[in-house]
Amino acid sequence: MFSCDRARADGIAAGLLALGLDPQMKDHGNHACIETEVPDSTTAESWGVLLALLETADQFGLVSSASRGLIAWAAVRMDAPATDDAVAVAGQCHQLYGS
């Protein structure tokens, strides 16, 4: 991983942790995925901070999981993206918690 991109991924995870969330990070070689469950009790202020953190990633999203509820995910590229990389990254990121 490039050090600046690793630092960005670590910063996102640290910010989520500071919000009281439990981020999980997985290295996929060309990108890192950071995911966390978002509790129903999340305040509007915390949502604002959460979205600001996610926006620092190369890709991010929210997924509703039947077993885990709402999952926020972020992907940080560790190398130059291929043309079809976006779909592959999104598909890998929100699998840490399962569906």
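For the reader, a short list of remarks on this structure follows.
- Amide H to amide H distances under 5 Å link Ser65 with Leu70, Ile71, where only residues 5 or more positions off or on other chains count and H is placed in the peptide plane.
- Note on Glu55/Leu17: beta-carbon distance plugged into 1/(1 + (r/R0)^6) with R0 of 22 Å gives a FRET efficiency of 0.80.
- ³J(HN,Hα), Karplus 6.51/-1.76/1.60, whole Hz, each residue of the stretch 46-61, x for Gly, Pro: 5, 4, x, 5, 4, 5, 4, 5, 4, 5, 7, 7, 6, 9, 7, x
- Among Leu62, Leu50, Leu16, the ranking by other beta carbons within 10 Å of each residue's beta carbon, starting with the fewest, stands as Leu62, Leu50, Leu16.
Bear in mind that the values in this text are calculations on the coordinates, not laboratory data. Here the structure is a predicted model, which means the values were calculated and not measured. Glycine gets a Cβ as well: all are built from the backbone with ideal geometry, and neighbour counts include every protein chain shown.
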